[in-house]
Amino acid sequence: MFDQKNPYLPYSVIIDDIVVETEDKSLKTFKLVIEDEGIRQNWNHTPGQFAMLSVPGKGEAAIGIASSPTEKGYLLFTVSRIGSLTTALHQLPKGARIGVRGPLGNGFPVNSEFKGKNIVVIAGGYAFTTLRATIVYLLAHRQDYGKITLIYGARTPGMLLYRNELKDWEQSGLVECHITVDREAPGWNGIVGFVPAVTERVAPAPENSVAVVCGPPIMIKFTMPALEKTGWKDEQIYLSLENRMKCGLGVCGHCNVGPVYVCKDGPVFTRARVKGLPVEF
């Protein structure tokens with residue numbers, strides 16, 4: 001995407017809308033519009049990529065792109081309030097200007113390895129953001145893929161993201177949805193249980209299929225055996241990972257693990273690739 005001389009210089013964007021996603025207000029989705037019309041029209045990313053969001057005087061942070069490339073004219077980022085930068089972003093009103101640098105990293109191979117395959121999407125917590133982009137993209141090109149299965153969990157019903165879209169996907173019949181929460185909650189009539197246990201219960205078939213997995217490290221760790229039990233191979237499993245990304249360009253070295261830079265060579269890796277990296281990953 002970068003056509004500017006300085007890849008560290010962000011594009012100016014306007015906050016067009018803000019949606020509070022969770023009952024504790026710790027997660028908000030920001031709809032951003034790039035001010036330069038030419039850049040806005042030429043922006044193109046792949047589901048799974050990220051960008052650097054910057055607030056003047058506060059720094060920048062790597063955030064996964066939650067919008068699909070098929071959603072034109074704007075970008076969506078769902079941001080968790082966990083530090084000074086994200087807190088400053090949460091405090092901004094609609095109409096404020098911030099910076100976006102990207103798109104960065106690699107994404108899911110939706111136009112190559114995924115074509116003609118059944119897709120199993122497994123997500124936990126607010127890591128669902130880039131997988132939301134992936135599902136929207138798959139549905140926009142529904143004829144190119146087989147069955148789409150979603151297994152998604154959060155701590156409580158109030159912490160689930162994109163609840164209206166989840167309902168729409170389930171009612172459409174285009175996505176087989178298994179939405180779960182960690183424990184019983186008043187008014188919740190859906191599945192109760194952790195994502196790895198639900199994955200084992202659903203037992204998605206590995207034949208002509210790929211799985212995309214994104215969530216807390218502990219969720220990913222215990223989801224892998226659940227897939228192995230039903231015959232999934234490492235080459236069929238795509239993980240979206242993060243590791244202290246700072247510059248986004250593979251220059252600063254903060255996200256270096258063995259021979260790879262997570263920001264440049266990732267954040268999407270097959271499980272087979274991850275197994276070949278140092279144990280710290």
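The values are calculated or read from the model by the stated rules, or taken from the named source; none is laboratory data. Keep in mind it's a predicted model, so treat the numbers as computed, not measured. A quick note on method: Cβ atoms are made from the backbone with ideal geometry, for glycine too, and the neighbour counts reach across all protein chains shown.
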* Asked: Only one of (1) without any contact (Cβ under 8 Å) to a residue 12 or more places away in the chain; (2) in a loop (DSSP other than H, G, I, E, B) fails for Asp168. Which number is that?
  -> (2)
* Give, as residue ranges, the helices (runs of 4 or more DSSP H) completely inside segment 181-281 that count at least 2 residues that are out of contact with any Asp or Glu (no Cβ under 7 Å at 6 or more places or on another chain), in contact (Cβ under 8 Å) with a residue 60 or more places away in the chain and outside the structural domain of Gly59 (by TED's automatic domain parsing). => 195-202, 217-228, 262-265
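Residue-by-condition table, conditions (1) part of a loop (DSSP other than H, G, I, E, B); (2) of a type in the set (Lys, Arg); (3) touching a helix residue (DSSP H, G or I) at 6+ places or on another chain (Cβ under 8 Å); (4) surrounded by 22 or more Cβ atoms within 10 Å (Cβ to Cβ):
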residue	(1), (2), (3), (4)
Arg101	no, yes, no, yes
Phe108	yes, no, yes, yes
Ile119	no, no, yes, yes
Thr129	no, no, no, yes
Ala133	no, no, no, yes
Thr149	no, no, yes, no
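Tell me, please, whether a residue that is small (Gly, Ala, Ser) and either at pLDDT below 80 or buried (at least 16 other Cβ atoms within 10 Å of the Cβ) (or both) can be found in segment 268-280. Give the derivation first.
Going residue by residue through segment 268-280, those that are small (Gly, Ala, Ser) are 272, 276.
Remaining after also requiring either at pLDDT below 80 or buried (at least 16 other Cβ atoms within 10 Å of the Cβ) (or both): none.
There is no residue in segment 268-280 that is small (Gly, Ala, Ser) and either at pLDDT below 80 or buried (at least 16 other Cβ atoms within 10 Å of the Cβ) (or both).
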* Structure fact -> Considering residues that are part of a loop (DSSP other than H, G, I, E, B) and surrounded by 22 or more Cβ atoms within 10 Å (Cβ to Cβ), the number found within segment 50-67 is 3
